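These notes concern the structure reproduced below.
The values are calculated or read from the model by the stated rules, or taken from the named source; none is laboratory data. Keep in mind it's a predicted model, so treat the numbers as computed, not measured. Cβ placement follows ideal geometry from the backbone for every residue including glycine, while neighbour counts extend to all protein chains displayed. To get the accessible areas, we keep the full protein, side chains included, count just its heavy atoms, and leave off ligands, DNA and RNA. Shrake-Rupley method; radii C 1.70, N 1.55, O 1.52, S 1.80 Å.
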Amino acid sequence: MLDFRAEQQVCPIDGQPLKVLKISTKTVHSTILGTFQARHTELYCPGHKDLGVFKCEDLQRIVPACSNFAYDAIVEIGKQRYLHHRQIEEIRRHFRQKFNLTVSNSGIASQIVKFISYLSAVHQDNMEQIKAYIQAQGGYIFHLDSTCEGDSPKLTSSIDAVSGFVLQSAKLKSENEADIVNFLLLIKEQLGPPHAVITDMGRGMIKAVKKVFPDRPHYICHFHFLCMMGKLLFDEENNILRKKLSLAGVSGKLKALKRELENRYERSVLDNLFQNLNQPMLIQDESHSLEPLVYSLICWILDYPSAGNGYGFPFDRSYLEFYLRLQEAMEQVEKYLSLFPYDSKQTKILGRLRKCMFEVTSNKNLRLVVKHYQTKVEVFERLRRALRAAPQESRQGLSDLGTPGSAKEIKAIKKAVDNFARYLDKKILLSKNKTIRNSFQLVQKRIEKYQPMLLSDPIEVEAGGKKRLIFINRTNNILEQHFRVFSYNHQRITGNGSMKKTLKSMHPSTPLVMNLKNENYIRLIFGDEHKIAHKFAQVDVLKVREDIHNKTAKKFSISKKSKKILRDKNFLEKLNVVFEKQSMYAHK
């Protein structure tokens, strides 16, 4: 038991000893002090009740009022959740093993939201420091992007590309101009106008930026620009191919045959085959079945997703890759069948594989769709190389969207885009197919429309009495990575690929946790990471409670009495009676 008594012992007005108002006891979990009982004695002056209650400041610096978790425990829970992507049960075990603290899962869950609210409050309270830091580095480049899933709200986040600081985030109902304008006005009020703005191609964003920052250069993210171009070019062909493959059930058939072969052979037999494929002369000449060889071919077909770079459609075209592998595998199967006598035991498994693929690969109309698809992909890849965004040779996905770091490189990109424009002119003239020609013309118009917003020269600024060049990132790379981290965090914690419910329930300031990975931000706001809890203790607890109440989703559930009525076997009859009465009133 640790005793905590108000430091103020006498009335500041008349000097009379203060009286005990109440003595309360609670259990506190702290990563530094362990689990302990805190007995808190609150005092007051009977003659001057308007002075309020005198509480122990030492206890208030350790643990928030009406909480059993100390500030250091709240910070540790937040770090484990958002920086190490731990599930609640994993955090509970972490507390038991490292700090010898036994805490409940529900207790941890409540502190996760509280951590974000405290972090948001500290961030807002220190906006003047952030503004001074940004001004000292010569200003900021404002990146704006959002993510959503289904009918979830848009999680909109902004970042300064120079410092790497996440500036603000919010959940917007949609990307309409009015909502984004309000978000941008907040940034402008707190930090002043940026040197430049980089966004995606949403109409609402473009209009909002023009309204709030009319005199600032506005550039569009090359990654998003390429996404639009790819969908403009071959989204229709991709959908046709997806539907045909799904309708034919090719993937399911191949997986079923694969499982059948896996059950028939020892794993070592199949593994040895793969290991010896690079040295076929080592494979012994045995008169066994061709099934293990067919198994390896099926595995290759089904491994089509590995051909992508991790950027998603239209950069990774999984359905096209799947179809092309089916075509190539079909040619190989036909070749293999010619090597063996007709109806031999050896050819039975090849015939079964051929049957799985025949419906799709023999479809002439689908073959024509794929041919058009490939023609358009060729143009898309040419533009992709010209812009040097989302490099095709990369295997790092959204971690590598391509960002130039010199004026020479920017000049080379401008030249490459001009060359692409001339190349596209020729393609349009030579295209005999009207549909393909129309697609190319749409791309041409989009390039003409957005070309002024695609490329920027470096900006010269003054920082610390010296001039420096700031190169504008051509993509929302950092924000894309942030959203990917949130997606990974969600999948790691829940095992569910859909973020729809999470986006609805999460605190809108959650993206601010990314600042805790920025050493400059930590030094500026906290001094060092060990002082985060100290900063949290300076936040008004009532402010945090109100923030949690206002910014977290409230789950509505009907009362137990209502559920009882709902589950009554005569529920519909009762409902009909009410409807009939309402209709009678409506006709009066």
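Points to keep in mind about this one:
- Here's the picture: a label point sits 7 Å out from the Cα of residue 461 along the beta-carbon direction, and within the range 179-207 the residues with their amide nitrogen under 18 Å of it are 187-199.
- Sequence-ordered 3J(HN,Hα) estimates for the range 420-432 from the Karplus curve with 6.51, -1.76 and 1.60 and θ = phi - 60° stand at 5, 4, 5, 4, 5, 4, 5, 4, 5, 5, 8, 6, 8 Hz, glycine and proline given as x.
- Formal net charge of residues neighbouring residue 140 (Cβ-Cβ distance under 12 Å; K, R +1; D, E -1): +2
- Cα pair count fraction exceeding 36 Å, expressed as % - the chain: 57 percent
- DSSP beta bridge pairing in the chain, given as percent antiparallel to the nearest 5: 75 percent
- Value at 222 nm in deg cm²/dmol, rounded to 500, when DSSP H runs of n ≥ 4 in the chain each add -39,500 (n - 2.57): -17500 deg cm²/dmol
- Environment charge at residue 250 (Cβ cut-off 10 Å; Lys +1, Arg +1, Asp -1, Glu -1): +2
- Using a Förster distance of 35 Å, the FRET efficiency for residue 105-residue 57 (Cβ separation, nearest 0.05): 0.65
- Alpha carbon convex hull of the range 306-374, volume per residue in cubic angstrom: 99 Å³
- Listed residues 513, 309, 533: farthest to the positive end of the dipole of the chain (Cβ charges): 309
- Residue-span extension gain [residue 27 to residue 362] - 0.36 nm each, minus C-alpha spacing: 113.4 nm
- For the chain, the longest principal axis of the Cα atoms and the long axis of helix 203-212 meet at an angle of about 40 degrees.
- Whole-percent carbon and sulfur share, accessible surface of the range 100-232, 1.4 Å: 51 percent
- Degrees between helix 105-125 axis and first principal axis of the chain (Cα, 0 to 90, nearest 10): 80 degrees
- Rel. contact order, % - alpha carbon contacts under 8 angstrom, at least six apart, the chain: 17 percent
- Highest-first arrangement of 158-167, 245-254, where packing means the average Cβ count within 10 Å: 158-167, 245-254
- In nm, spacing of pseudo-spin labels at residue 517 and residue 412 (7 Å Cα→C-beta vector): 2.8 nm
- In the range 189-274, one over the average inverse separation of all distinct C-alpha pairs is 18.1 Å, which is the Kirkwood hydrodynamic radius.
- Nonpolar atom fraction for the range 18-58, defined as the carbon and sulfur part of the 1.4 Å probe accessible area, stands at 48 percent.
- Legend: calculated FRET efficiency, residue 528 to residue 124, from the Cβ-Cβ distance at R0 = 22 Å, rounded to 0.05, equals 0.55.
- Solution diffusion estimate, µm²/s, Stokes-Einstein, the range 116-209, Kirkwood Rh from C-alpha pairs, 20 °C, viscosity 1.002 mPa s: 155 µm²/s
- Viscosity 1.567 mPa s, temperature 4 °C, Stokes-Einstein D of the range 138-178 from Kirkwood C-alpha radius, µm²/s: 117 µm²/s
- Helix 291-302 vs. the chain, principal-axis angle (Cα, 0 to 90°, nearest 10): 60 degrees
- Remark on the chain: 56, 66, 148, 221, 227, 299, 356 stand apart, with no other cysteine beta carbon under 4.7 Å.
- Using the Stokes-Einstein relation with a Kirkwood hydrodynamic radius computed over Cα pairs, the translational diffusion coefficient of the range 165-224 at 10 °C and a viscosity of 1.306 mPa s comes to 134 µm²/s.
- Hydrodynamic radius by Kirkwood, which averages 1/r over all alpha carbon pairs of the range 1-117, in angstrom: 15.7 Å
- Whole-Å semi-axes of the ellipsoid equivalent to the range 35-190 (Cα gyration tensor, √5λ, descending): 35, 24, 16
- Distance between modelled label sites at residue 541 and residue 419, nm, 7 Å Cα→Cβ extension: 6.7 nm
- Computed over protein heavy atoms with a 1.4 angstrom probe, the accessible surface ordering of 364, 114, largest first, is 364, 114.
- Measuring r between the beta carbons of residue 355 and residue 437 and using R0 = 51 Å, the FRET efficiency lands at 0.85.
- Taking all protein chains as they are arranged and a probe of 1.4 Å, the heavy atoms of residue 36 leave approximately 20 Å² accessible to solvent.
- Alpha-carbon gyration tensor eigenvalues x 5, square-rooted, for the range 136-267, Å: 44, 18, 14
- Label sites at residue 236 and residue 342, each approximated as a point 7 angstrom past Cα along Cα to Cβ, lie 4.3 nm apart.
- Solvent-accessible heavy-atom area per residue, rounded to whole Å², over the chain at 1.4 Å: 55 Å²
- Electrostatic dipole magnitude of the chain [Cβ: Lys, Arg +1; Asp, Glu -1; Cα centre; debye, to 20]: 1820 debye
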